[in-house]
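Here the structure is laid out as structure tokens; the discussion comes afterwards.
The values are calculated or read from the model by the stated rules, or taken from the named source; none is laboratory data. Predicted model only: the values in this text are computed from it and were never measured. Positions of Cβ are backbone-derived with ideal geometry, glycine not excepted, and every protein chain shown enters the neighbour counts.
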Amino acid sequence: MFCPDCGALMKPSGEEWVCKKCGLTKKKDEEDNNIVSSQKEDRETVVIEEELDTLPKTKVRCPNCDNNKAFWRLEQTRAADEPETRIYRCTECNHTWREY
């Protein structure tokens, strides 16, 4: 939501929108209940419970059972200017580990 007076970003506060720049307040409408706040929230971690044959496989040694095949995926676990983290899951024992 943007302020109709100054054009700055408005943030939700209870039942109103409050302009961060000029302090203008506006009552929320019914449609505004579906808007998600941009404030930082706890992120959920996705846990893959079952074996997914659709993930790509590679030759890498499992540190748990010495199997030489694992599923892998890339995930951005750090800041955007850092490289991705490779996450492996053994095809035999389902042990999961990461490589930075």
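Within segment 53-70, identify whether any single residue is at pLDDT 85 or above, surrounded by 13 or more Cβ atoms within 10 Å (Cβ to Cβ) and of a type in the set (A, V, I, L, M), and answer yes or no.
Within segment 53-70, one or more residues are at pLDDT 85 or above, surrounded by 13 or more Cβ atoms within 10 Å (Cβ to Cβ) and of a type in the set (A, V, I, L, M).
Inspect segment 78-93 for any residue being at pLDDT 90 or above, surrounded by 13 or more Cβ atoms within 10 Å (Cβ to Cβ), under 20 Å from the mean Cα position of the chain (by Cα) and not basic (Lys, Arg) and give the result as yes or no.
Yes, segment 78-93 contains at least one residue that is at pLDDT 90 or above, surrounded by 13 or more Cβ atoms within 10 Å (Cβ to Cβ), under 20 Å from the mean Cα position of the chain (by Cα) and not basic (Lys, Arg).
Residue under question is Lys27, and the condition is that it be surrounded by 12 or more Cβ atoms within 10 Å (Cβ to Cβ) and modelled with pLDDT of 60 or more; does it hold?
So Lys27 does not fit the description; no.
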